[in-house]
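**Student:** Here it is: the structure, laid out below.
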Amino acid sequence: MNRRLYFLLPDRAHALSVVDEVTREGVSSGNIHALGDRGTPLDGLPTASRRQTNDAAGHLEDFLWNANLLSFVVALGIFIILAVTTEPSLWLLAPFAIMVANFLAGLSFARLPNTHLNEFRDALAHGEILLLIDVPEQRVAEIERLVHQRHPEAAAGGVSWGIPAFGL
């Protein structure tokens with residue numbers, strides 16, 4: 001699974017320069033996407049897909065997190081009802097196992113990097129450009145270091161997970 005790096009840049013010229021540098025370092029232009037407000041010129045920059053613009057990954061993560069919490073609460077309720085209304089039996093293990101699985105899934109969610117587009121809405125509204133750069137996990141530090149050393153005007157916005165096959 002790739003990691004998505006977010007870099008906020010003041011204008012198109014700086015964004016083009018970062019794109020050139022990163023592509024020279026072996027990142028495919030298909031893994032670079034630019035977002036801006038409606039009035040922000042993005043000519044010559046790799047455009048983001050509709051799913052990226054709408055932050056589909058953020059919506060998917062929110063849905064999965066809420067489904068996990070709901071499932072945990074339902075299993076807890078069933079566990080309490082069974083514990084109060086029936087004598088101890090193996091049926092108590094089923095909701096308990098679901099709760100343990102949900103707890104472990106929640107721990108995994110908490111460890112995922114989770115930067116989302118909502119964090120950049122104000123900057124984009126002021127004409128800044130957001131570059132989304134998808135790289136393998138082992139190249140995250142290298143690409144961040146490259147951008148910071150050669151482009152101090154780029155503000156790092158964080159890291160999130162990405163699934164290129166789904167356009168997320």
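**Student:** Between Leu69, Leu16, Leu132, which gets the highest mean-square fluctuation from a Gaussian network model of the chain, Cα cutoff 10 Å?
**Tutor:** Leu69
**Student:** Which residues make up the longest stretch of the chain that has no GluC sites (Glu not before Pro) in a DSSP loop with at most 16 other Cβ atoms within 10 Å? Can you show the working numbers first?
**Tutor:** Values: sites that count: Glu25, Glu153.
That gives 26-152 as the longest site-free run.
**Student:** Given the -39500 (n - 2.57) contribution per DSSP H run of 4+ residues, what per-residue ellipticity at 222 nm results for the chain, rounded to the nearest 500 deg cm²/dmol? Walk me through the intermediate numbers first.
**Tutor:** Numbers: 6 runs with 82 residues, N = 168.
For the chain, the value works out to -15500 deg cm²/dmol.
**Student:** Can you tell which of Leu131, Leu104, Leu45 shows the greatest fluctuation in a Gaussian network model of the chain with Cα springs below 10 Å?
**Tutor:** Of Leu131, Leu104, Leu45, the Gaussian network model singles out Leu104 as fluctuating most.
**Student:** How much accessible area per residue does the chain have, counting only protein heavy atoms and a probe of 1.4 Å, in square angstrom?
**Tutor:** Numbers: 9750 Å² over 168 residues.
About 58 Å² of surface per residue is accessible.
**Student:** Quick check: the angle from helix 12-24's long axis to the longest principal axis of the chain, C-alpha only, nearest 10 degrees?
**Tutor:** Roughly 80 degrees, rounded to the nearest 10.
**Student:** Please name which of Ile81, Ala97, Thr47 has its Cα lying farthest along the dipole of the range 1-102 towards the positive end, using unit charges on Cβ (Lys, Arg +1; Asp, Glu -1) and the Cα centre as origin.
**Tutor:** Most positive-ward Cα: Thr47.
**Student:** Which one, (i) 16.1; (ii) 14.3; (iii) 11.7, gives mean projected area of the Cα convex hull in nm² as derived from the coordinates shown?
**Tutor:** Among (i) 16.1; (ii) 14.3; (iii) 11.7, the one derived from this structure is (iii).
**Student:** Could you identify which residue out of Leu146, Leu76, Leu64 has the top mean-square fluctuation in a GNM of the chain using Cα springs shorter than 10 Å?
**Tutor:** Leu76
**Student:** Counting Lys and Arg as +1 and Asp and Glu as -1, each charge on the Cβ, what is the dipole of the chain about the Cα centre in debye, to the nearest 20? List each step's numbers first, then the result.
**Tutor:** Numbers: 12 positive and 18 negative charges, 49 e Å.
The dipole magnitude comes to about 240 debye.
The values are calculated or read from the model by the stated rules, or taken from the named source; none is laboratory data. Computed from a prediction, not measured in an experiment: that's the story for all the values here. Reconstructed Cβ throughout: ideal geometry from the backbone, glycine too, with neighbour counts over all protein chains shown. Remember, those area values only see protein heavy atoms, side chains included, never the ligands or the DNA or RNA. Shrake-Rupley method; radii C 1.70, N 1.55, O 1.52, S 1.80 Å.
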